[in-house]
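The values are calculated or read from the model by the stated rules, or taken from the named source; none is laboratory data. This structure is a prediction, so every number in the text was calculated from the model and none was measured. Cβ atoms come from the backbone with ideal geometry, glycine included; neighbour counts cover every protein chain shown.
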Amino acid sequence: MKINITKYLKKIIFLCCLILPNKLYADFFEDLTSQIVDNPKRLSYGVSVTDVNQDGNFDFVVTGFGYFNLALSYEDGKLINIVDEKIFSDEFRRTIGVAACDIDKDGFEEIYFLNTDTYSGTKKYSDRLIDFEGDNFVDLFEIEKNKTDLNLTAGRSVVCVDRNGDGAYGVYVANYGGPTRFYEYEDQKIVDKSVQLNLAKVTGGRAVVAGHIISNKMDIFAANERGANFLYKNNNGKFLDVAYEYRVEDVLQNGRGTALSDIYYRGRLDILNGNWGGFHRAYVLKDDVFEDIAKPTFDDPTRIRTIISADLDNDGYDEVFMNNIGEPNKLFKIMDNGVLEQLSLDIGLEPDGYGTGAAVADIDNDGVLELLVSHGESRDQPLSLYKAKVDANHKYLRVKPLNKYGAPARGATVTLISNLRKHSKTIDAGSGYLCQMEPVAHYGIRKNEKDIRVQIKWTNGKTKTISVKNLNKTITLRQK
Amino acid sequence: MRLLRNFKKLILIFLITLTFSNISISEEKNYYKDLVTDWSRIFPDNNRNAAGPKFFKYIIDKDISYKDFVEYNKLYCAVSGSLIDPNSTPEFVNINEEKTGKKICGNYYRCCVPCSCDLMKYTTVKKMKHKFKDVTKEFYVLTIDNPCSKKDFPERVTKKYFCDGNNIAKDQVYNLDGRMVIGLFHNTKLCNDNDIKIVKAHPVTGEYCDIRNNTPLEELQAGMGDIFIKLAR
């Protein structure tokens, strides 16, 4: 009898051991939403991460659609809106897309707010390009000399592009039902150069990313609706659409959340591309053609909005967060050989969430990324803030490249090289969908990982490699 | 006792399956996704009007099994060139065999009802033999006459998809003894009296098709209208 009980007890323990890890997966995130001070229901869209008040710390910029644009800064364990100037908060212009970069080469990032008061075609209010001058925010588009080329077409996403690799950023504006715009500072004036650069195509612009995709300078991938995607190869600062040749045109699908990600951990950026109610793609470059390696459940059609690729739990493998609107979010882990393993979500699932945007940043500087999710469109909802529950043994390394002007080198590629992987990350120039992540390459460190080096490929294609001796820190690299 | 032991094993397997059910690694082929992905390869100028033959050629040129061939061919309308949602219900129709004039019955996957009528009136079926990755099979295909010398070749159809001058373009579409293959006829058999009755009694293939197929061409509004008919008549 005693033997029988022992035998059954052993079996029960064995079964528990099998079941327990599954249950542990269920709580990947902890909910930090209560850290957001004054978090009412609202209609929000894109989220960007930049240093709004130039204090050396990143802030979340959250757009409002008929609500205030916010600049959420981390102070004493709380996220607090630090801007109430009308030109920035601007509740009437209905902002949806946002990206920040240093357009005027002063070492600080300007913020491009894409406003949309109509679904498609001509809109009433133009966009804003916010510069922090002295102690005030200024809309550069309201300065008389800059008014000649205002964007009066409905749009969605924006992305920053240092097309010549010289630190002078332009902004690609993915318009809807009107030509794409590309704004640059030229002779102290903001001008639209989309026609000269072969970018002025008319489509249903949705998501857009830019970085080292197929050339040694910043290329652009635009995921469109009701038409082919664009893959613009950087050809000495001008662009050539090679989407068909590289097999990413995906004519029948309606593009949404898009991110650059090193899906094979092989030291190059490939493309994750969500499609609205369509197949989500994991494009990896093979023999000069992108092959979609996504399989169920990753590619299952959802009401996808933002897609983020980042190492949220510091284990050395990137997660892919899929933010859906009106249906549960999804989370995947990119394992070796391009396997996209779905993780259970409980916190962060948001089954009734109307997700419209999201961004990651280590906003509290503790070495773990925070994930801010915005909601809206057809239901007003507050923001959510999550952080992965991280194993205390997991180490991290953060690399923050600055260009020769001292501004975040958005579009540069950082590659961590070790005995276990060659893992590239873009310094985000705009991604997700309507959004932009922090301009830092954030790496968790894998078990038994050693001989770590970091290579940076600047926006001009030049590279620099350094050895890393100490972990759990942020390395700032300045371009010479 | 043995039963109990097997039951315990089953429970164990069930629990293990449940434990790892959050990890989804399904390798099942997604035929529909393949066609969506390659759509602009099949139709480089994005015009799929009446371009069922392009789908058929694209599929038969793949190095695939017979099962794959059948499944792919359920996902487009041979008449209109539209993609069809997976798991759609086919229409039971009868079509004359080109060689014998006998009525062959089978399933047709269509995008909308007029296509079934146009198919029955304007196509014939032919037997075709093909070596697949796993097996050599004979099956019925839907065919139309070579349209390339038509003076009224429909303007909304991309002629270069089908024709090389007055000839069927063999690199674009499948030429079966001088006839153009537009799709696969599924689950075929020689029709018996009861099959014919079923087709005639069906609200689409019976009454509706009677009306459509007796309407002058210039008065046709629904479906592909006159596009496929002009190509196939």
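Numerical summary
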read-out: Residues that are touching a Phe, Trp or Tyr at 6+ places or on another chain (Cβ under 8 Å) and either part of a loop (DSSP other than H, G, I, E, B) or more than 25 Å from A:ILE304 (Cβ to Cβ) (or both), drawn from the stretch A:201-227; value: A:LYS201, A:ILE213, A:ILE214
read-out: Candidates B:LEU184, B:LEU190, B:LEU119, B:LEU142, filtered to the one that is surrounded by fewer than 19 Cβ atoms within 10 Å (Cβ to Cβ), at pLDDT 95 or above and in contact with a strand residue (DSSP E or B) (Cβ under 9 Å, 6 or more places away or on another chain); value: B:LEU190
read-out: Hey, A:ASN234 within 14 Å of another protein chain (Cβ to nearest Cβ), of a type in the set (S, T, N, Q), crowded, with 21+ Cβ neighbours inside 10 Å and assigned to a strand (DSSP E or B) or not; value: no
read-out: Lone unmet requirement of (1) of a type outside the set (Gly, Ala, Ser); (2) in contact with a Ser or Thr (Cβ under 7 Å, 6 or more places away or on another chain); (3) surrounded by 18 or more Cβ atoms within 10 Å (Cβ to Cβ) for A:PRO439; value: (2)
read-out: A:ALA294 being touching a residue at least 40 places away in the same chain (Cβ under 8 Å), outside any loop (DSSP other than H, G, I, E, B), within 14 Å of chain B (Cβ to nearest Cβ) and farther than 19 Å from A:THR415 by Cα; value: no
read-out: Which listed residue, of A:ALA210, A:ALA259, A:ALA310, A:ALA228, is within 19 Å of A:ARG181 (Cα to Cα), away from every other protein chain (no Cβ under 14 Å) and crowded, with 18+ Cβ neighbours inside 10 Å; value: A:ALA210
read-out: Criterion (among the basic types (Lys, Arg), out of contact with any helix residue (DSSP H, G or I) (no Cβ under 6 Å at 6 or more places or on another chain) and under 22 Å from B:ASN49 (Cβ atoms)) met by exactly one of B:LYS189, B:LYS150, B:LYS129; value: B:LYS150
read-out: The lone exception for B:LYS133 - which of (1) assigned to a loop (DSSP other than H, G, I, E, B); (2) surrounded by 10 or more Cβ atoms within 10 Å (Cβ to Cβ); (3) without any contact (Cβ under 8 Å) to a residue 40 or more places away in the chain it fails; value: (3)
read-out: Any hit, the stretch B:147-163, residues being within 15 Å of the chain's Cα centre (by Cα), touching a residue at least 24 places away in the same chain (Cβ under 8 Å) and either in a strand (DSSP E or B) or surrounded by 14 or more Cβ atoms within 10 Å (Cβ to Cβ) (or both); value: no
read-out: Number of the condition not met by B:ASN167 [criteria: (1) free of Cβ contacts under 8 Å to residues at least 40 places away in the same chain; (2) in contact with a Lys or Arg (Cβ under 9 Å, 6 or more places away or on another chain)]; value: (2)
read-out: Number of the condition not met by A:PHE88 [criteria: (1) assigned to a helix (DSSP H, G or I); (2) over 30 Å from A:GLU142 (Cα atoms); (3) modelled with pLDDT of 95 or more]; value: (2)
read-out: Breaking point among (1) free of Cβ contacts under 8 Å to residues at least 24 places away in the same chain; (2) under 30 Å from A:ASN69 (Cα atoms), for A:VAL320; value: (1)
read-out: Residue satisfying all of: in the stretch B:54-67; closer than 23 Å to B:LYS170 by Cβ and in contact (Cβ under 8 Å) with a residue 40 or more places away in the chain; surrounded by the fewest Cβ atoms within 10 Å (Cβ to Cβ) among these; value: B:ASP63
